[in-house]
Every structure is written in structure tokens, then in C-alpha cells.
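The values are calculated or read from the model by the stated rules, or taken from the named source; none is laboratory data. Since we're looking at a predicted model, the values are computed, not measured. With ideal geometry, Cβ positions are generated from the backbone for all residues, glycine too; neighbour counts draw on all protein chains shown. Surface areas here come from the heavy atoms of the whole protein model, side chains and all, with no ligands, DNA or RNA. Shrake-Rupley method; radii C 1.70, N 1.55, O 1.52, S 1.80 Å.
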Amino acid sequence: MGRSRRTIPEELLLLALDPATGTTAQPQSLDLGLAGAQLVELALAGRIAPDGDRIAVVLPRPTGDPTLDSALELLRRRGSPVRAVHWIGGPRLGLRQTYLTHLERCGMVHAVSSQMCGVLPTTRYQATDTAVSREIRARLDNAIRTGVPPDPRTAALAALAHAVGLGKHLYPGNEGRSSRSRLRDLIRHDPMGGLVAHAVMDVQNGVAAQPRRAAPGRGAGGPGGPGGGRTAARAAAPQPLTGQARRGGMARAGAH
């Protein structure tokens, strides 16, 4: 993979940077989104593919991007397809800082050292190439405004932006409500982007431990559909027995 094209994790991080404060919006969910964005980028590069609600390595050849290749190698070492929610919900210490450092090295942001409350040292990041940020934002705005199905990269970026909660950052207030709604709707245009976006939201909602079960007749792309995978999983999840049901079961067992 050449470095002439920005990756989806880089674009997601640039979208999240607040130009006024130099901080990132939704930092905790953004970390999950960056892990999901790596999966989308690897899928677009032909290295991985969805297998139900799991991720399978189909081509372990390196991409040339060290951060993506590290993720690809970790996936390869698993030996079998891994559930998207388990991958995204796993420890990703330093992932956001890794991408910030890379963007600084590429000249897209610059670090500004300061102190929090006049005591604690902190670092903020300001975008230096604002044309890049404007171009990324324009792609989302165009997809929202026109309603024309976007290209897979833009669709996946929109899905992840919605999943990590950037809608209110990008389109704030009551006047941005319809844009936030259309941003959410773009999730259906890319199966892989939809799969990882739903996985990001599942992790945030604390349902990562619940295995998804495909609904009867659902195709391979089903988990990527808007909300379908999560609804099927919750409906299929075993429910705890009531006290009456447990006593009835014990009575039946003792009758044999």
C-alpha cells in the first residue's frame, strides 16, 4: 500500500481534532474507532474479510504501513477468525498517540506543549494542513447533502464517525440534527464499515460479551446491516431462568 493515500484511521483522527482547542473529540470512543478503522483499511487492502461477525485474514502479506501491518500480524497470530467486538474491545494502548505522532511526522499536525491547571504538562495538536481536513469534511458533507451513495472509503469513514459520536462535533446543535441523522444512515453503504461501526457501538454499550447469532436467511453481509446484527444477537441471547422455571426443571429431572 502506497503512502500517497491517507488511511481511514488518519482521516478519522483528523476529523476528531478540534481546531480551536487542539484536543480530540470523544477520546475514549475514538480509541475504539481507530481500532475499527484499521480493520476497514485492511479489508480495503484485501488483507482481511468479514466472516459473519468475525474477521478472517485472507492475505497475510504486509501492506507497507507499519501500524496496519502490526494489526495484521496480531490478527494472523490468532490462527482463526476473531470476533470484531473482541478485537475492537481489546487493549489498544497508545494507538491514538501513535497516529498523532505519525500525522506530526507527515506535517499534517504540529504539537503544542502546555500545562493543565498551570501544573500538569500536556500536549495539544493543531492541524497544519487545513486543506486536508477541509477535503475530508467536504466528502462527508457531499454524501450527506446529495444522498448519492458514497465511495467505500467515505462510507466507512461516515459509519465510524457516527459510531464514535463525532456527529455532534461535526454537526452541532438543533440545526445539525438532520445532518447527524443522514450521517448515521450512511452506515448501510459499506458492509465492512457497518460491521466494525456496530462492533464499536456494541463495545461502548457493554454487549461485546454476547455472541451474535445470525437470523435465519441472513446473508454473509447481514451483520453489516444497520442495527440488524445487534438486534438479532440480543434476541437470540439466552435469557436467565426464573425461579419457577428452575424449580420445574428440577422436578422434571427428579422424575426420571
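Estimated at 0.36 nm per residue, the fully extended path between T146 and L59 surpasses their Cα-Cα distance by 27.7 nm. Per atom type, the range 101-180 shows carbon and sulfur on 56% of its accessible surface, probed at 1.4 Å. Excluding ligands, DNA and RNA, the accessible surface per residue across the range 48-154 is 57 Å² with a 1.4 Å probe. Cα centroid separation, the range 49-81 to the range 141-162: 25 Å.
Between beta-carbons, use under 12 Å as the cut-off and find the net charge around R76, counting Lys and Arg +1, Asp and Glu -1. Result for the local shell: +2. Distance between the pseudo-spin-label points of Q126 and A111 (7 Å out from Cα toward the beta carbon): 1.6 nm. Peptides 105-111, 142-148 ranked from most to least packed by the mean count of surrounding Cβ atoms within 10 Å: 105-111, 142-148. A crude spin-label estimate for the pair A20 and E104, with each label 7 Å from Cα along the Cβ direction, gives 2.4 nm. Model label sites at R78 and N174, defined 7 Å from Cα along the beta-carbon direction, differ in position by 4.5 nm. Among residues other than R177 with Cβ under 12 Å from its Cβ, the summed charge is +3 (Lys and Arg +1, Asp and Glu -1).
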